[in-house]
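Report on the following structure.
Please treat every number below as a calculation from the coordinates, not as lab data. Predicted, not measured: the structure shown is a model, and the values here were computed from it. With ideal geometry, Cβ positions are generated from the backbone for all residues, glycine too; neighbour counts draw on all protein chains shown.
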Amino acid sequence: MSKRIGTVLASTLIVGLSACAGAPAPRSAATPATPHVSRQAIANLASASGSLVSGRLTLSTAPGGVRVRGDIGGLRPGSLHGFHVHENGDCSAVDAASAGGHFNPENKPHGRAGQGAHHAGDADNLIADAGGVAHVDAWLPGAALGDGSAHDINGRALIVHAGADDYSSQPAGNAGARVACGVIRLLP
């Protein structure tokens, strides 16, 4: 009789496991409710404040933020420059003041992205190479692109500053004049 019980239990286990094989895995609290949607945008940076700085950047979504890549030229060789997303997608003022302050939907203090409290628009300093070109590969954690959320940076401005961001001075890191500005535009 024990051999028969063992056979029945083994059969039940096999049927149960095969029924579960096609079932989707249960979602944990950390699994997002919606899949990641990939979006891309561009920002053509034009000079501001009498500089010769310009460039073209591409932005793309990734889980947890937005990646910014491209090249910005016309900088002093070996120089550091503050780089931020600003509130308004308006680069019409000669000094790019029309772009407003740093993008900061959560009203946090200025800081360094990924290291404690910071604006959603804060990014690491850009470094110009010996030819005066900054090869940008920046990460904006928590930013969104084209989803209409409070953290959406589509239609806002990317700004390059004349000097380095100190990551601590309030409200904007003491990075100096705005030397380039470009509006982030979602690609179709």
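Amide H contacts of ALA180: ALA48, VAL160, each under 5 Å away and 5 or more positions distant or on a separate chain (H built 1.01 Å from N in the peptide plane; Pro and chain starts excluded).
Taking the mean number of other Cβ atoms within 10 Å as a proxy for protection, how do you rank 139-147, 63-71 from highest to lowest? Let's see the in-between values first.
On the way: 139-147: 19.1, 63-71: 16.7.
My ranking of the peptides, most packed first, is 139-147, 63-71.
Taking the Cβ of ARG156 as the center, what net charge do the other residues with Cβ under 12 Å away carry, scoring Lys and Arg +1 and Asp and Glu -1? Can you show the working numbers first?
On the way: positive: ARG185; negative: GLU87, ASP90, ASP152.
Its environment carries a net charge of -2.
Normalised by the number of residues in segment 40-186, what is the relative contact order in percent for Cα pairs under 8 Å and 6+ residues apart? Don't skip to the end; give the middle numbers.
On the way: 455 pairs, mean separation 47.3, N = 147.
About 32 percent, as a whole number.
Each residue of segment 81-86 was assigned a 3J(HN,Hα) from its phi angle through the Karplus expression (A = 6.51, B = -1.76, C = 1.60, θ = phi - 60°), giving 9, x, 9, 8, 8, 10 Hz with x at Gly and Pro.
Proximity of backbone amide H atoms, modeled 1.01 Å from N, is registered between ALA144 and ASP152, ILE153 at under 5 Å, excluding neighbours fewer than 5 places apart on the same chain. Excluding SER60 itself, calculate the net charge of residues whose Cβ lies under 11 Å from the Cβ of SER60, where each Lys or Arg counts +1 and each Asp or Glu counts -1. Local net charge: +3. Within segment 40-81, find all residues whose amide N lies under 12 Å from a label point positioned 7 Å from the Cα of ASP137 along Cα-to-beta-carbon. It comes to 68-70, nothing else.
Converting phi to 3J(HN,Hα) with the Karplus coefficients 6.51, -1.76 and 1.60 and the offset θ = phi - 60°, segment 44-60 yields 8, 8, 10, 5, 9, 6, x, 7, 10, 7, 7, x, 10, 10, 10, 10, 9 Hz in sequence order, with x at every glycine or proline. For segment 40-186, the pair-distance distribution built from all alpha carbon pairs, in bins 5 Å wide starting at 0, is 2, 11, 22, 26, 23, 12, 3, 0 percent. Extension gain, SER149 to LEU186: 0.36 nm times the residue separation minus the Cα-Cα distance gives 11.9 nm.
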